[in-house]
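First comes the structure, then the notes that go with it.
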Amino acid sequence: MSVRIPRRAAALLLAAPAVARAQDQTLRLIIPQPPGGATDVLARLLIEPLSRELGRNVVIDNRPGANGIVSINALKQSRPDGNTVLLGGVSIFAFNPNLFSNLPYDPWADFTWIAPIADTPFAIIVGRRTGITTMQQYVERARAQPERITYGSAGNGNSTHLGMEMVAEKAGIRLTHVPFAGSAPALTAIIAGDIDGMFTPLGSIVRASEAGQVVPLVTMGRERSPALPSTPTLREAGLGDITLPGWYAFVGPAGMPPAVVERINTATRAVVDGAEVTRKLRDSVLEPISGTAQSIQDRARMESSEIASFIRRRGIRVE
């Protein structure tokens, strides 16, 4: 007697050994920033609950450099067996294709999209040694001394680079960009007085602000952030709004079995939607976002198209 097995059920049966093998091994989580960077902080918040949900160990592998390209190369060299995943941000997938003439990867063909994690708001900060305390002062000094004010970023083409360029365009000022291999060393340079300021994920500078090490000038968003309630928005400072996405997501090497993707996505959604992680994310000034692999890939495609016109207009290229 022959038995007909539905196509989806057959696919799950065929993928079952891959899921079982993945469950028996440690999950390596590649991070495109050094320890202390915004993505690294997010990863360390996630690994313990994710490990519990998956029933397997999760370890962090920091691979900073070249606006995520170093980490991407490490991911591409990994087997698509569900044992290696990248926690990447919008810069790697939506910005880099519009910035690099010879990008060594295709964000749509070379990876398996797995799950969205969180959105981050941004702020502009300066060091105490600048003597600047308001965005108005910042703009006035920049207009009086073109290209004298320096700002750091987490790398060429990173959201921390493009965001400041968007603000500079709004304000009609010219600044000098100093890229770093991650947001943490850029923040250290600001505190030391080596550079003047930065456009940065808000959550990564709250403690430095509370300690009096940096001065937050404005936050991005329609309303003031509960984390920095006395800091005005860019609109309140008279510069209108900018639209800059700041999401994080899990992606894997191309060719991961759908059942393995579904297992990690399901676990990730359970973690992100859980009360414990939701609270910790919001305490870190991150907004949890959970959804399907397709939802975050579609969003990345849309935002890549939207940022392309700004990059062309400003003539920003990274070689």
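The numbers here are math on the coordinates, done by the rules we state, and not lab data. Just so it is clear, the structure is predicted and the values come from calculations on it, not from any experiment. All Cβ positions, glycine included, derive from the backbone under ideal geometry; neighbour counts span all protein chains shown.
With angles folded into 0 to 90 degrees, how steeply does helix 135-144 sit against the dominant principal axis of the chain? Use alpha carbons for both and round to 10.
Orientation of helix 135-144: about 70 degrees from the principal axis.
Under 15 Å from the Cβ of Ile31, count the other residues' Cβ atoms, weight Lys and Arg +1, Asp and Glu -1, and hand me the total.
Numbers: positive: Arg28, Arg44, Arg63; negative: Asp40, Asp61.
Charge balance near Ile31 sits at +1.
Which semi-axes, in whole Å and largest first, does the equivalent ellipsoid of the range 206-319 have when worked out from the alpha carbon gyration tensor as the square roots of 5 times its eigenvalues?
31, 23, 12
Viscosity 1.567 mPa s, temperature 4 °C: what is the translational diffusion coefficient of the chain from Stokes-Einstein with a Kirkwood Rh over Cα pairs, rounded to a whole number of µm²/s?
My calculation gives 64 µm²/s for D.
Once you order the gyration tensor axes a ≥ b ≥ c over the Cα atoms, which shape class does the range 238-291 get: rounded for a/c under 1.5, otherwise prolate or oblate by comparing a/b with b/c?
In terms of gyration-tensor shape, oblate.
Give me the extension gain from Val178 to Leu103: residue separation times 0.36 nm, minus the current Cα-Cα distance, reported in nm with one decimal.
My answer for the length gained is 24.9 nm.
Wrap a convex hull around the Cα atoms of the range 122-219, take a quarter of its surface area, and give that in square nanometres.
The orientation-averaged projected area of the Cα hull of the range 122-219 comes to 5.2 nm².
Picking from Val70, Leu228, Pro257, whose Cα lies most toward the positive end of the charge dipole for the chain (charges on Cβ: Lys, Arg +1; Asp, Glu -1)?
Of the listed residues, the answer is Pro257.
Please give the charge dipole size of the chain, origin at the Cα centre, charges +1 on K and R Cβ atoms and -1 on D and E Cβ atoms. Round to the nearest 20 debye.
Value, rounded to 20: 280 debye.
Convex hull over the alpha-carbon atoms of the range 32-121: what's its volume per residue in Å³?
108 Å³
Just to verify a number: FRET efficiency for Ser78 and Glu306, C-beta to C-beta distance, R0 = 25 Å, to 0.05? All intermediate terms of the calculation are to be shown ahead of the outcome.
Details: r = 30 Å, r/R0 = 1.21.
Once rounded, the FRET efficiency stands at 0.25.
In the neighborhood of Arg129, defined by Cβ-to-Cβ distances under 15 Å, what is the net charge if each Lys or Arg adds +1 and each Asp or Glu adds -1? Intermediate values should be presented prior to the final figure.
Details: positive: Arg128, Arg141, Arg148; negative: Asp194, Asp196.
Within the 15 Å Cβ shell, the charges total +1.
Mind running the shape call on the range 83-139? Use the C-alpha gyration tensor, a ≥ b ≥ c as the square roots of the eigenvalues: rounded below 1.5 for a/c, prolate if a/b tops b/c, oblate otherwise.
The shape class here is prolate.
All other residues with a Cβ under 14 Å from the Cβ of Ala43 taken together, and with Lys, Arg as +1 and Asp, Glu as -1, what is their net charge?
Local net charge: +1.
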